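What follows is a short report on a single structure.
The values are calculated or read from the model by the stated rules, or taken from the named source; none is laboratory data. Treat the numbers as computed from the prediction; the structure is a model and nothing was measured. Neighbour counts are summed over all protein chains in view; Cβ atoms, including those assigned to glycine, are modelled from backbone coordinates with ideal geometry. Calculation scope for accessible area: heavy atoms of the full protein, side chains included, ligands and nucleic acids excluded. Shrake-Rupley method; radii C 1.70, N 1.55, O 1.52, S 1.80 Å.
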Amino acid sequence: MLGAAPRSRILVVDDEPGLRDMLAILFRREGLDVVLAPGFTTAREAIAHAPEPYAIVLTDLLMPDGSGMDLLTLVKRRSAHTEVIMMTAHGDVDTAVEAMKRGAYDFVTKPFATSELRALVQKALEKRSLLAENDKLRAQLLRERGHELVGHSEGMRRVLDVVQRIASARTTVLITGESGTGKERVARAIHEGSDRRDKPFLVVNCGAIPDNLIDAELFGHEKGAFTGAVSHRLGLFREADGGTLVLDEIAELPLALQVKLLRVLQERKVRGVGAAIEVSVDVRVLAATNRNVEDDVRDGRFRQDLYYRLNVIRVEVPPLRDRTEDIRPLAAYFLQRCAAEQSKELRALSPDAHRALERYGFPGNVRELENIIERAVALATGPVIGLGDLPRELSGATSQPTPSLVSVPEEGCNLDDVLGEMERRMLLQALERSGGVRTQAAKLLGVTLRSLRYRLQKHALGDADEDIGEVEAPSNPASEVP
């Protein structure tokens, strides 16, 4: 039996009804689920509406309404692990060989023996099973490589889940989030989890290159194409061939280049500045931005058609202030790494240092936390990083004595600020004593749970709708995963 549990699905595409029916009987006897299509158009619809990619596509090379080569391209764009077997007449063998170069598993020449085709499909299924197992191992490795995407919060669990599910796909991905949240780390995790992990991984900041040079930077140029072009250059798309290219700050790309980028994404071909011909490229494009692209589209600063082309899968990286439970594991990782780099024996952060970090807003997100820990490691004189090793904006505010309720300082004060700071500290102490359970914290403070939630929200101390330590029901936006 060729099939395994769950049963593998095969799409048979041929315009000869008798051959289709014979193959359907053959493969159903072997335990496969068989879908039949009389031509390219029907096959395209079957692939588009399939709940999951087919294991095998067995297709004729020449059809009245299209070609097997076009179908091969369509299949591989949907799923890199779907194996395509071509059926061809004797005179089309050269074309079938070309199809194998483009990713087809193999071909058979008509007329063929059913035993030959059965053996070929069996081998293709075994290869696909092996690739699927490799994907599972890569996903496990990705989870173990938590240094790239550290976090236990619900927001980061969603990001990790999406990364693991899309890593082996070939579709473009739009990674959004504030500056410093780790968008490039997400991109690298996608690359490392894919079958392109041994190929180039290149990153370009679209906002850091002058408008008059970015065309040549991305797509290359010929010698003498413009003033200063003293030699031939491939360009980043060709340099990343077979691998991944990250277009950081994609919203900064000039409108004229957006048109060219859209064509490259559609045609998978590039033409360098001054070049006479186009060159095919195999590059997975990951785009990243900290801007609201939808606003840029509405205001005419970003092309809508390019936005739709990039936004096939969306990964939103949450800011650090919305996932304060990730601060400790992130700080621990950065501490371990920086201590090793600086050859220092540092074991941990003090409780005061941890509390100071968790109270800080981190406008620079994870990048700022990394810089703070690196600085603290450099300044620390003992085995533990204390409050005094942190920057003044963290340690100063935390180490100030609680303002007195009895007397007013001689220089005067802002009563709202004093009361607000006291309320904030009382809230944090109550949460700490209650182990993060808000119903108990509310009892300690003598307020209702609704009042506590309002005060926590006012001081930006977490999501007003969930208790600390409880997991929010995960959301799964339709735009994130195909």
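Here are some notes:
- Among residues of segment 179-205 that are over 20 Å from Phe237 (Cα atoms) and open to solvent by less than 60 Å² (accessible area, probe 1.4 Å), those with a beta-carbon under 8 Å from a residue that is of a type in the set (Ser, Thr, Tyr) and part of a loop (DSSP other than H, G, I, E, B) at least six positions away or on a different chain give the pairs Gly193/Ser168.
- Strands (runs of 3 or more DSSP E) (entirely within segment 18-91) containing at least 3 residues that are open to solvent by 30 Å² or more (accessible area, probe 1.4 Å) and in contact (Cβ under 8 Å) with a residue 24 or more places away in the chain: 33-37
- Yes/no for Leu335 being open to solvent by less than 20 Å² (accessible area, probe 1.4 Å), among the hydrophobic types (A, V, I, L, M, F, W, C), part of a helix (DSSP H, G or I) and touching a Gly at 6+ places or on another chain (Cβ under 8 Å): no
- Filter result (touching a His at 6+ places or on another chain (Cβ under 8 Å) and surrounded by fewer than 16 Cβ atoms within 10 Å (Cβ to Cβ)) within segment 271-281: Gly274
- Single match in Pro383, Pro409, Pro401 (criterion: modelled with pLDDT of 85 or more, surrounded by fewer than 12 Cβ atoms within 10 Å (Cβ to Cβ) and more than 27 Å from Gly182 (Cα to Cα)): Pro383
- Verdict on Ile209 being at pLDDT 85 or above, β-branched (Val, Ile, Thr), farther than 30 Å from Ser153 by Cβ and buried (at least 16 other Cβ atoms within 10 Å of the Cβ): yes
- Residue in segment 339-351 that is modelled with pLDDT of 90 or more, in a helix (DSSP H, G or I) and in contact with a Ser or Thr (Cβ under 9 Å, 6 or more places away or on another chain) present: no
- Filter pass, Ala276 being modelled with pLDDT under 90, in contact with a Gly (Cβ under 9 Å, 6 or more places away or on another chain) and either under 21 Å from Gln304 (Cβ atoms) or aliphatic (A, V, I, L, M) (or both): no
- Remark: pairs (first residue in segment 108-121, touching a residue at least 12 places away in the same chain (Cβ under 8 Å); second residue open to solvent by less than 40 Å² (accessible area, probe 1.4 Å) and among the hydroxyl-bearing types (Ser, Thr, Tyr); Cβ separation under 8 Å; 6+ apart in sequence or on different chains) = Val108/Thr88; Thr109/Thr88; Lys110/Thr88.
- Qualifying residue in segment 321-332 (condition: of a type in the set (Ser, Thr, Tyr), at pLDDT below 95 and buried (at least 18 other Cβ atoms within 10 Å of the Cβ)): yes
- Selected residue (criterion: surrounded by the fewest Cβ atoms within 10 Å (Cβ to Cβ)) from residues of segment 92-105 that are under 33 Å from the mean Cα position of the chain (by Cα) and either assigned to a helix (DSSP H, G or I) or of a type in the set (Val, Ile, Thr) (or both): Lys101
- Flag for Arg118 being among the charged types (D, E, K, R) and either at pLDDT below 85 or surrounded by fewer than 17 Cβ atoms within 10 Å (Cβ to Cβ) (or both): yes
- Filter pass, Leu253 being open to solvent by 10 Å² or more (accessible area, probe 1.4 Å) and at pLDDT 85 or above: no
- Candidates Arg268, Arg233, Arg284, Arg314 - the one that is among the basic types (Lys, Arg) and open to solvent by 70 Å² or more (accessible area, probe 1.4 Å): Arg233
- Listed by position, the helices (runs of 4 or more DSSP H) enclosed by segment 170-276 that each have at least 3 residues that are under 30 Å from Leu74 (Cβ atoms) and within 21 Å of the chain's Cα centre (by Cα) are 183-192, 255-267.
- Considering residues of segment 135-169 that are touching a Leu at 6+ places or on another chain (Cβ under 8 Å), modelled with pLDDT of 60 or more and part of a helix (DSSP H, G or I) only, the residue nearest to Ile313 (Cα to Cα): Val163
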